[in-house]
């Protein structure tokens, strides 16, 4: 046994040395190395690019995404057409045939204006999504691969120009990619997560993608049969009870047999499909939407729109006003709570801050910027669901 352990350790050490690559290669770095080691696979991926048409899936367009509609979409002539088209196509895709068809169908059903993909690889999934966006007549796809700076643009450049126009490729790791989208205030409708499959990085990808997602949006976790994506999804759903899996993989999990079961939402795919609630959902885990630029040096209150629901509990908040410009940043903070009791109707909750926020800009200061951030945490009474909000909370009764 000791000899086997030593031989295995030695093999792993050699493998690690051989596979060392920069985390985020730049386009210039990739170009300086000449032809990529992925060249044969790249050539295969571009060898059989199909023309722009036909326009498929019109019966699915805009039907909305639910467990029932997805079941309906995966039966009948329209579904057979998709399965025929995506059988062994695109050649650069390593997804199964049914996964490709489901991915296309979801885009047609949801009609996303903005979609994102983590893990471009040979751009097979990106091509499927771009074709669906083209068929929808709208939408843009942001896709990223930290090792694809030379490979991915070469493949995408072989597509019909109409598809190329719908895709923005970034040679970034998922953390840099998602944070860049956040800083650019990009809001997503659909995300395919197919990057690093270890638990910790895929949990970050899922949590950050969910933060960028609009209410009612969809996240697809690929390779959910692997432990990392599957367990990250379980962790995420436990902390976000208003989200729903469009399938039964998560609730069918048996802790006594942690590696058993198909672990997929849709048969013959590698997917767990998650749908965000139709409203912003506030639970016991504090939530923030980040800093938003405002034209105010004072904030006296908050305005929150709650849609019709039954909810009873306490909404805790932390409101922060910040000033950036000449000199050190200024910050004013107010912490408090709002008693909420909704018996089925909606309401606009206008709340006066327990401690009004006030900042003073220096006289004659140039390039001054003020931001507002709100953090919310819902303490529900027993049996009450998460609190739903119809819009992102905004400062109320402000003065400039």
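Every number in this text was worked out from the coordinates using simple rules, so none of it is lab data. These numbers come from a predicted model, not from an experiment. Cβ sites come from the backbone with ideal geometry, for glycine too, and all protein chains shown count toward neighbours.
What the table below lists for this structure:
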| quantity | calculated |
| --- | --- |
| Potential extension, residue 161-residue 81 segment - 0.36 nm per residue separation minus Cα distance | 26.4 nm |
| Nearest-ten-degree value, helix 227-239 long axis tilted from longest Cα axis of the chain | 20 degrees |
| Exposure proxy ranking, count of Cβ atoms within 10 Å, fewest first, for 97, 295, 360 | 295, 360, 97 |
| Residues in segment 191-220 reached by a label modelled at residue 234 [backbone nitrogen below 14 Å; 7 Å Cα→Cβ] | 199-200 |
| Candidates 373, 117, 255: whichever shows maximal mean-square fluctuation once the chain is modelled as a Gaussian network with Cα springs under 10 Å | 255 |
| Per-residue Cβ neighbour rank within 10 angstrom, fewest leading, 152, 377, 370 | 377, 370, 152 |
| Residue of 269, 293, 235 that the Gaussian network model of the chain assigns the largest fluctuation, springs spanning Cα pairs under 10 Å | 293 |
| Linear extension gain, residue 394 paired with residue 367, 0.36 nm per residue minus alpha-carbon span | 7.4 nm |
| Percentage relative contact order, segment 48-278, counting C-alpha pairs under 8 Å, at least six apart | 17 percent |
| Computed [θ] at 222 nm, deg cm²/dmol, the chain (DSSP H ≥ 4; -39,500 (n - 2.57); rounded to nearest 500) | -9000 deg cm²/dmol |
| With Cα atoms, 0 to 90° folded angle of helix 199-212 axis to the chain main axis | 50 degrees |
| Acute angle (nearest 10 degrees) that the helix 2-18 long axis makes with the longest principal axis of the chain, alpha-carbon atoms | 80 degrees |
| For the chain, built as a Gaussian network whose Cα springs stay under 10 Å, the top-fluctuating residue of 339, 380, 149 | 339 |
| Least to most buried among 140, 282, 107, 156 (fewest other Cβ within 10 Å first) | 140, 156, 282, 107 |
| Percent antiparallel among DSSP beta bridges (both partners in the chain, rounded to 5) | 75 percent |
